[in-house]
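The values are calculated or read from the model by the stated rules, or taken from the named source; none is laboratory data. Here the structure is a predicted model, which means the values were calculated and not measured. When we count neighbours, we look across all protein chains shown, and the Cβ atoms used for this are built from the backbone with ideal geometry, even at glycine.
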C-alpha cells in the first residue's frame, strides 16, 4: 500500500454514489442477469463490464460521470455480483449476457461496450461476435497473449480459492484484496468496492462470486481481437504488470495499427481505482472523437 493513503471521500465521489441507479434484471438462458442503469433512455448506450470475481458496483463511481451524454449501464456477469450462478461459464455466454442487457436497456442505437480486465476479455468476445451491433469496444487493461490476471492468479492457487466465511461484514471486508496485488492511495474507493463485494448467507458473510467462474474459461482471444470490425480501443495503466508495453504493442498490431492505445499515467492494473478522473477524461475524449469522426475500415 502506498504511504499516503486517503480514506476521505472527495466531493465528486460522494456525488457519484448519491446518483442512485435503477436496478434492472433480464433472464439469459435460465439465469437472472442484473444490471444498474443511470441516465436518460433516449441517450446513446454505454455498457460497463467488470473484471473477474467483481461486480457492477466497480463502476458505480464512474458511470454517473457520463450521464450528461450517455445512458450508462453496468452489468453483473453471471456467477458474480448480484446475478445468478450457472453450472459452467464461458466468454461466449458472458458476451451473450452483455448483448441481452443492451437490448433490455432500450438504447436508441448500437452502444459502446467498456470492459476492465476479465470484462475487457468479455468485451473482445462481444465485439468479435456481435460487432455489427456495437458502436465501439474499449478494452481496459486486459491482455490477449495470456489469461486475465484473475484467471492467472486463480490457476496458480494464489487467489479466488474457496471463499472464506466470516462472522461479520467488517471481518469479511478486512480480507478484501486487489488481484493482482498492487499499491493504491484511494482507500475510500477500495473500501466501497469491498463493501459491495460481500453478502450475508446462512453460514455467515462471504464473497458474492462463484469460485467456479474461471473453470474452463481461459482462452487467448487473439483471433477474436484480430477479427473485430467495429471501432476498438485499448486503455492501459502506465504501471500495469498485466498489459506491459510489449503486450500493448502486440494488441495494437492485432487491431490493425489503426486503433488508439491510451496509457493512463500513474495507474496500475486497477486504473479506475488509481486514477479514476484521468480515466473518465480519457474515455470522454475517445467517445467524443468517435461521435464526430468516421470509422477507419480495416481490410
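On inspection, residue 218 does not qualify as closer than 14 Å to residue 52 by Cα and either modelled with pLDDT of 95 or more or surrounded by 17 or more Cβ atoms within 10 Å (Cβ to Cβ) (or both).
Selection over the range 108-145 of residues that are surrounded by 22 or more Cβ atoms within 10 Å (Cβ to Cβ), in a loop (DSSP other than H, G, I, E, B) and either at negative phi or without any contact (Cβ under 8 Å) to a residue 40 or more places away in the chain (or both) gives a count of 5.
Scanning the range 221-239 for residues that are crowded, with 21+ Cβ neighbours inside 10 Å, on the phi < 0 side of the Ramachandran plot and assigned to a loop (DSSP other than H, G, I, E, B) yields 228, 231. Within the range 24-42, can you find the residues that are under 16 Å from residue 74 (Cα atoms), touching a residue at least 40 places away in the same chain (Cβ under 8 Å) and out of contact with any helix residue (DSSP H, G or I) (no Cβ under 9 Å at 6 or more places or on another chain)? Hit for the range 24-42 is 32, nothing else. For the range 226-240, a residue qualifies if it is at pLDDT 95 or above and more than 17 Å from the chain's Cα centre (by Cα), and the qualifying residues are 226, 227, 228, 230, 231, 238, 239.
Checking every residue in the range 245-255 against the condition of being out of contact with any strand residue (DSSP E or B) (no Cβ under 6 Å at 6 or more places or on another chain) and either within 30 Å of residue 13 (Cα to Cα) or not in a helix (DSSP H, G or I) (or both) gives zero matches.
The residues of the range 183-207 that are within 19 Å of the chain's Cα centre (by Cα), assigned to a loop (DSSP other than H, G, I, E, B) and surrounded by fewer than 20 Cβ atoms within 10 Å (Cβ to Cβ), listed by number, are 184, 196.
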